[in-house]
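For reference, the structure is listed below as structure tokens.
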Amino acid sequence: MKNLLVTGGAGFIGSNFIHYLLQQNLDVKIINLDALTYAGSLENLKELPHPERHLFVHGSITDRPLLDQLFSEHKIDTVINFAAESHVDRSILNPGVFVDTNVVGTYILLEAARRAWMVDKIVPLEQTRFHHVSTDEVFGTLTREEPPFEEDTPYAPRSPYAAAKASSDHFVRAYHITFGLPISISNCSNNYGPRQFPEKLIPLMILNALNGRPLPVYGDGMQIRDWLYVDDHCEAILRIVNNGRTGETYCVGGDNQPPNIEIVKTICDILDELQPDSAYAPHNQLITYVADRPGHDRRYDINIAKIEHELGWKPSHDLRQGLVDTVKWYLDNPAWVEAITKQSDYDSWLQKNYSGRKA
């Protein structure tokens, strides 16, 4: 990996991966392509270590001429595809955007890589890798009795977001089987940590609590998720790209299984400890149950045995400590919070999505 194209590198996981990779001081040049939609921001790319090895390009993975230019000019040998619309609630409101980016965009990116590596042969094919970052939501939902998701769990997506990601996964695998494109896929659980756009559960609860807003909890709050600290995810991706087997899929998770309401109450407890003089303490008084999301998956759980056995990876962050670190990051970075919420549709989306939904 010498010339790396990171797509969606101004978003949450992508920007954290770039920070992580540059901190490793590897001899790699990063070309960062991002469309800067509502969840992507240049704020996420401030204070990069070794910024001379990072080049930001404003553009979309649906722009084939731009992709061809980047592959050719920079002799791209590795692609890590983070670019995706990623929020289930938004996919319910506007599924078409998710098809355009997650499905069509991935196809166009695959075609650009195939042309560059297998037709134009800008670098030896054996030195290339197309890594696709996906989600455990493609597997659907679990009952309490069912075993965790594994790499061979049948796909059963239940939201437009999950369906779009499932389709993109199938395209990536098909390009390996049909054309021999060197690929790998990771299906991860729910990420959390610094720089996450505050529509997702954990940053939403942190920022709402800090501002005395209601903490909206869907249904009974007993939906179960596995939570993966973003730096652990970044380490897993790097191991897969460097040492994972071509054509393989790896499940990546945080090895925990709390219900959502427990996450919310833990965040409230942490804020009570860090800000005991807050006018909104105890913060759990802000918890408000709202009508459940349509088709809300009840439980996710993910088996990480394969990546642990083959690549020696396992999460290093305890869930509570990871939540403490995340809350502290948002408390310590008010300028980022202000910039992100002001430059996006965050307030209008919050009002549109949660108003009138009290259970």
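Filtered by the rule that a residue be surrounded by fewer than 16 Cβ atoms within 10 Å (Cβ to Cβ) and either of a type in the set (Asp, Glu) or over 25 Å from Val88 (Cβ atoms) (or both), the stretch 285-302 gives Gln285, Asp292. Mind checking which residues of the stretch 12-50 are outside any helix (DSSP H, G or I) and aliphatic (A, V, I, L, M)? Selection gives Leu26, Val28, Ile30, Ile31, Leu33, Ala35, Leu36, Ala39, Leu48.
Of the residues making up the stretch 241-285, those that are among the β-branched types (Val, Ile, Thr) and within 17 Å of Gln321 (Cβ to Cβ) number 4.
Can you find even one residue in the stretch 136-157 that is among the hydroxyl-bearing types (Ser, Thr, Tyr) and surrounded by 22 or more Cβ atoms within 10 Å (Cβ to Cβ)? Looking for residues that are among the hydroxyl-bearing types (Ser, Thr, Tyr) and surrounded by 22 or more Cβ atoms within 10 Å (Cβ to Cβ), one finds none in the stretch 136-157, hence no. Among the candidates His74, His131, the residue that is in contact (Cβ under 8 Å) with a residue 60 or more places away in the chain and farther than 19 Å from Ile185 by Cβ is uniquely His74.
Quick grid of which residues meet (1) over 20 Å from the mean Cα position of the chain (by Cα); (2) crowded, with 16+ Cβ neighbours inside 10 Å; (3) part of a helix (DSSP H, G or I):
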position	(1), (2), (3)
Asp232	no, yes, yes
Ile237	no, yes, yes
Gln257	no, yes, no
Lys265	yes, yes, yes
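Taken over the stretch 54-65, the criterion of being touching a helix residue (DSSP H, G or I) at 6+ places or on another chain (Cβ under 9 Å) and closer than 21 Å to Lys121 by Cβ is satisfied by Arg64 alone.
Please work out if Gly105 is surrounded by fewer than 24 Cβ atoms within 10 Å (Cβ to Cβ) and of a type outside the set (D, E, K, R). In short, no. Considering the conditions (1) farther than 20 Å from Ile206 by Cα; (2) among the small types (Gly, Ala, Ser); (3) modelled with pLDDT of 95 or more, Ala291 is excluded by exactly one of them, (3). Filtering the stretch 295-350 to residues that are among the polar types (S, T, N, Q), modelled with pLDDT of 95 or more and outside any helix (DSSP H, G or I) leaves Asn303, Ser316, Asn333. In the stretch 119-127, the condition of being touching a helix residue (DSSP H, G or I) at 6+ places or on another chain (Cβ under 6 Å), more than 17 Å from Ser189 (Cα to Cα) and modelled with pLDDT of 95 or more is met by at least one residue. Among the residues making up the stretch 3-12, none is surrounded by fewer than 24 Cβ atoms within 10 Å (Cβ to Cβ) and more than 12 Å from His54 (Cα to Cα).
The values are calculated or read from the model by the stated rules, or taken from the named source; none is laboratory data. Keep in mind that what you see is a predicted model, and the values were worked out from it rather than measured. Counting neighbours? That spans all protein chains shown, and the Cβs are built from the backbone with ideal geometry, glycine included.
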